[in-house]
Amino acid sequence: MNIINLVLTLTIIGSTAGTNESEHRFPDDFILGAATSAYQIEGAWNVSNRGESIWDRMIHYKPQKIADRSNGDIADNSYYQYKEDIELIQQIGANAYRISLSWPRILPNGFNNSVNREGIQYYNNVIDEMLEKNITPFVTIYHWDLPQKLQDLGGWENPEISNWFVDYARVVFSEFGDRVKHWITINEPNIFCIFGYHSTDAPGLDKSGRGDYTCGHNALLTHAKTYKMYQDEFKNQQGKLGFVLSFSWVVPQNPDDPEEVAGAKLSWQFWYSWFLHPIFSNEGDYPREMKERIANYSSIQGFSRSRLPQFTENEITLVKNSADYLGFNFYTARYETKLTDYDINNVSFQHDIGMIPIDKAFTKDRCTPWAMSKAMRHINKEFIIPEFYITENGYWDVGGLNDVNRAEYYLLHLTEVTKLLNEGLNIRGYFAWSLLDNFEWSYGYTQKFGIISVNFMDPKRARTPKLSSKLITQIYKSKIVPLSFSTTINITTI
Ligand code: NOJ
């Protein structure tokens, strides 16, 4: 048997024809970081009094919901290896690290009558470790791992959730707010509210067209009440509170069909303006077309009121302007086509829109930096956004260290970010998703997003930088996006 070791030089070309590198530079105080979330990396799911979350419950009882029947019980073991993670953050030249707090690790039953000191200690250690290394913490208060005890009471469908959350947030601000100045209240409600009530994500309920709108409504009010509480009680901490949504640009599969073009616009409203409009528009409240459409369908379907809950005037005012920044998560363009099997009695979010995403678009070409720019420019034009942070951007593959496609993805997207900055968009920072390969929700470990690989067969969860992390390191350290990127790769064949 012959083992051949090849060393290849590889060059990735950016999209920068006719420009020079000085045009692709980030300001000195620009945030360049990487992101993770508690359930996806921490593991230690039943250690030190941590309570059960809705993801623990769903996966332990219905492992078939996850592509490889895996779970986050151990994940990246970051509960024990967080120092190594922060060391890696430093090595890639990042000046910030976005993490999330696990609600059931801090309040095992969900309520603030019993605060778990070990959970508080863990996050104090993580935050202090970051600060010692001059890494700015960006902390998400809620990244999908609701305490199961609160789900038992209705979870995001129960309006009381806003009080439970405010109580939890108060604990968090009191404990960590002296050191954490960049907060995210809730991560991607437009994803967990849709998929959590469309049976794929936790809590795994089948209530599309009802549960999702109620969840979204309560998430908006929860965010706004938390924002107000911070202003009233913690203003002296001088932090900023943001709200993070998942974004894309909706592309009609048949651009010559006017109905489909209109459908794509409507779809953008449903997926994104649903949450943007109440917070970041002059008028506040949900977008008019969305309200009318759901009210109309609800009435045809025999409901005595719209399936989309209504805000009171006071609530509209409370929600409006309730964020210091918008966290913009972006992965890829969304191709959609008309729903052909439309049935008026089918109550669902998708039927309310009348459009459906085309799956193959997600596997075909997922590197669409133009779609990121289109979405950002549109938001910048239509809404009043105090500041943008790109809180997630990334590319999935099935694993491996020579992640050329991911490197190309980052080269093209980071170039695009510098172009948007040159156009005058107020973008303050950028986070790659993700620092590490980790537990990708219903895809388990079948989709890898890390710029650092993690060996899930190894009890020590060995971390190894991938090719893409070399590119990221160069950019983060120099604050310049190169026109092209060359590196050597080792290939061993038998
Ligand atoms: C958005 C979510 O915030 C994150 O948890 C997830 O892993 C990435 N997108 C990739 O799908």
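Points to keep in mind about this one:
- Scanning region 150-188 for residues that are under 30 Å from residue 198 (Cβ atoms) and among the β-branched types (Val, Ile, Thr), we see that the one that is farthest from the ligand (Cβ to nearest atom) is 166.
- Candidate set from region 437-458 (those that are closer than 14 Å to residue 42 by Cα and away from the ligand (no atom under 11 Å from the Cβ)); member that is surrounded by the most Cβ atoms within 10 Å (Cβ to Cβ): 454
- Flag if residue 402 is more than 16 Å from the ligand (Cβ to nearest atom) and more than 26 Å from residue 12 (Cβ to Cβ): no
- Just one of (1) more than 16 Å from the ligand (Cβ to nearest atom); (2) within 23 Å of the chain's Cα centre (by Cα) fails for residue 23. It is (2).
- Here residue 430 does not fit the description of being under 26 Å from residue 244 (Cα atoms), within 16 Å of the ligand (Cβ to nearest atom) and open to solvent by 30 Å² or more (accessible area, probe 1.4 Å).
- Candidates 316, 353, 344 - the one that is modelled with pLDDT under 95 and in contact with a helix residue (DSSP H, G or I) (Cβ under 9 Å, 6 or more places away or on another chain): 344
- Test set (1) of a type in the set (D, E, K, R); (2) at pLDDT 95 or above; (3) loosely packed, with under 15 Cβ neighbours inside 10 Å - residue 364 fails condition number: (2)
- For region 417-426, the criterion of being within 20 Å of residue 140 (Cβ to Cβ), away from the ligand (no atom under 15 Å from the Cβ) and surrounded by fewer than 16 Cβ atoms within 10 Å (Cβ to Cβ) is met by no residue.
- Tabulated pairs, region 293-316, first open to solvent by 80 Å² or more (accessible area, probe 1.4 Å), second in a helix (DSSP H, G or I) and among the small types (Gly, Ala, Ser), C-beta under 8 angstrom, 6+ apart or interchain: 305/298
- Test: residue in region 377-394 that is away from the ligand (no atom under 15 Å from the Cβ), surrounded by fewer than 19 Cβ atoms within 10 Å (Cβ to Cβ) and β-branched (Val, Ile, Thr): yes
The values are calculated or read from the model by the stated rules, or taken from the named source; none is laboratory data. Keep in mind the model is a prediction, meaning the values are calculated, not measured. Counting neighbours? That spans all protein chains shown, and the Cβs are built from the backbone with ideal geometry, glycine included. Accessible surface areas use protein heavy atoms only, side chains included; no ligands, DNA or RNA. Shrake-Rupley method; radii C 1.70, N 1.55, O 1.52, S 1.80 Å.
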